[in-house]
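The numbers here are math on the coordinates, done by the rules we state, and not lab data. From a predicted model like this one, the values you see are computed outputs, not experimental measurements. A quick note on method: Cβ atoms are made from the backbone with ideal geometry, for glycine too, and the neighbour counts reach across all protein chains shown.
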Amino acid sequence: MYIPKHFEERDIAVLHALMRSHALGAWVTQADGALQVNHIPFLIDSTRGEYGTLIGHVARANAIWRTFSTDIESVVIFQGPQTYITPSWYASKREHGKAVPTWNYAVVHAYGLPRAIEDTDWLREHVTRLSRLHESDRAVPWRIADAPSDYIDTMLKSIVGIEIPITAIAGKWKTSQNRSLPDKLGTIAGLRERGDEVALKMAALVERHIALD
């Protein structure tokens, strides 16, 4: 991934936070002589390894768990907030007109060699953690115990776990760092006026980098 220095994000806590809030990763690996892409909700265990460990699962019917490369590292891509930025928000556009549209975004690429896990106890613990996390904001969270135990046993037999210890990680926060302060402030104002969820998240990211400058 091309990352100009001013767009590079190296804070592991920030990278992991994006991976948690945008948990559906695009897992890219070589298999059968071609690139294969699968979209998987991952957990990130920050306590295991220098950069953490990704934990997920795939359907047993998905051949990827048998065919992924064990020699060439996989990459998992996590896409955070992203949106079009109009130059009409820039002070510089009004001053001299030398401004063009762009796209702001935040992404994380995590690299590592995956392994497949078929252990039933591991899988039960994994899906328990996964459902507990994503049900946590519900008034009455769904629990695995809500389903018949024999049904859960059958479902566990239909999946295979995937772990990817992260050996390298890259973050790109393209959030107007290369613009002047008046242009950044105009971008924040424009995004807030637009007012949708993505726009407000991007406004917060642009504002964060103003605070870091």
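Tabulated values for the structure
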{"item": "Residues (surrounded by fewer than 19 Cβ atoms within 10 Å (Cβ to Cβ) and not in a strand (DSSP E or B)) located in segment 50-63", "result": "E50, R60, A61, N62, A63"}
{"item": "Residue ranges of helices (runs of 4 or more DSSP H) in segment 133-213 with at least 2 members closer than 27 Å to R115 by Cα and among the aliphatic types (A, V, I, L, M)", "result": "149-156"}
{"item": "Residue count, segment 1-49 (criterion: of a type in the set (F, W, Y), within 11 Å of the chain's Cα centre (by Cα) and not in a strand (DSSP E or B))", "result": "1"}
{"item": "Members of segment 94-151 found to be without any contact (Cβ under 8 Å) to a residue 60 or more places away in the chain, more than 24 Å from E73 (Cβ to Cβ) and aromatic (F, W, Y), listed by number", "result": "W142, Y151"}
{"item": "Enumeration of residues in segment 162-189 that are touching a residue at least 60 places away in the same chain (Cβ under 8 Å), within 21 Å of L18 (Cβ to Cβ) and in contact with a helix residue (DSSP H, G or I) (Cβ under 8 Å, 6 or more places away or on another chain)", "result": "I162, I169, G171, K172, W173, K174, T175, S176, Q177, N178, T187"}
{"item": "Segment 190-213 residues that are acidic (D, E), paired with ones that are part of a helix (DSSP H, G or I) (beta carbon under 8 Å, 6 or more apart)", "result": "E207/I188"}
{"item": "Criterion (over 29 Å from A204 (Cβ atoms) and either of a type outside the set (D, E) or more than 25 Å from the chain's Cα centre (by Cα) (or both)) met by exactly one of S180, S149, S136, S131", "result": "S149"}
{"item": "Given (1) within 18 Å of R60 (Cβ to Cβ); (2) surrounded by 13 or more Cβ atoms within 10 Å (Cβ to Cβ), number of the condition S92 does not satisfy", "result": "(1)"}
{"item": "Unique match (being in contact with a strand residue (DSSP E or B) (Cβ under 6 Å, 6 or more places away or on another chain), surrounded by 12 or more Cβ atoms within 10 Å (Cβ to Cβ) and among the hydrophobic types (A, V, I, L, M, F, W, C)) among M202, M155", "result": "M202"}
{"item": "Residue among G190, G195 that alone is surrounded by fewer than 20 Cβ atoms within 10 Å (Cβ to Cβ) and at positive phi", "result": "G195"}
{"item": "Meets criteria (touching a strand residue (DSSP E or B) at 6+ places or on another chain (Cβ under 6 Å) and crowded, with 19+ Cβ neighbours inside 10 Å) for L24", "result": "no"}
